[in-house]
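Single-structure report; data block below.
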Amino acid sequence: MVEPEDTANLKAQLEVISKETAFLKKYFALRKRCEQLQQSNEKMVNRIQHVKKLVKRYKRDKRYLIARLDEHGDNFRDAQIPLMWEVFCFIRIVKKSASLFNLHPVYILIMLSNVNILCLSQVKQEKEKDPNAPKKPANAFLMFCTTQRTAVQEEYFKEHKEEIAHHELTKTLAHQWNALGPEEKRIYYEMYEREKERYEREMRVYKPKTETPAGDATSSAVPDPNTSSADDSVSFKEELDI
């Protein structure tokens with residue numbers, strides 16, 4: 001038969017083993033968490049170094065482009081710079097248009113420097129356009145494209161006996177616009193100013209439609225940024241609370 005002392009010793013050993021096992025579980029949980037943080041920190045350091053290299057390269061490219069533009073006497077310093085949200089809207093339009101995928105980056109930059117696209121907020125869905133609303137003015141480059149598009153299409157058809165592709169048409173118009181002098185471009189800038197004045201006059205008398213509140217549907221669909229971090233903290237705490 002097993003003596004009482006042996007039973008007590010066995011129970012004591014089992015208690016020690018169970019405590020050691022609990023501490024080992026906590027240790028491995030902490031060690032796993034530390035390894036994850038270390039990997040995350042290493043990724044952030046690598047990303048920062050990569051971004052620094054990109055910034056350095058872009059600064060070098062900027063200096064090179066400024067020097068070349070100055071050599072050719074381009075008045076890029078007086079050009080109208082689009083707002084950031086106009087740039088993002090133009091980029092989204094280019095990405096969605098399959099006909100512009102073959103467009104050279106130089107011509108995208110040319111179009112980007114003259115773009116004047118007015119976009120609605122991307123957080124909400126686009127509102128339904130009012131057919132009675134005043135027509136927004138196109139910028140000088142778009143007015144040039146509107147007046148010269150037909151002539152370019154006809155000339156291309158006479159030479160090649162086929163219709164010109166959309167990206168080729170955009171490229172040709174960008175070439176012609178960039179080749180214009182300041183006096184020739186002034187005609188289209190004046191047209192844009194007149195259109196802008198017309199638009200402002202019509203907007204002063206225009207009364208938009210009244211809209212009903214959209215409710216909290218969008219806010220309920222947006223996830224809480226603290227939810228994921230809170231869930232991770234709870235799960236990690238459960239690992240330690242053994």
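Which residue, of 65, 24, 14, 30, is part of a helix (DSSP H, G or I), surrounded by 10 or more Cβ atoms within 10 Å (Cβ to Cβ) and touching a residue at least 12 places away in the same chain (Cβ under 8 Å)? Walk me through it before giving the result.
Working: 65 fails: touching a residue at least 12 places away in the same chain (Cβ under 8 Å); 24 fails: touching a residue at least 12 places away in the same chain (Cβ under 8 Å); 14 fails: touching a residue at least 12 places away in the same chain (Cβ under 8 Å).
Answer to the check: 30.
Among the criteria (1) more than 29 Å from the chain's Cα centre (by Cα); (2) at pLDDT 80 or above; (3) surrounded by 10 or more Cβ atoms within 10 Å (Cβ to Cβ), the one residue 167 does not fulfil is (1). Across the stretch 127-163, the qualifying residues are those that are under 27 Å from residue 196 (Cα atoms) and among the basic types (Lys, Arg), and the one among them that is farthest from the chain's Cα centre (by Cα) is 149.
The values are calculated or read from the model by the stated rules, or taken from the named source; none is laboratory data. Remember, it's a predicted structure, so these values are computed and weren't measured experimentally. Note that we place each Cβ from the backbone using ideal geometry, even for glycine, and neighbour counts take in every protein chain shown.
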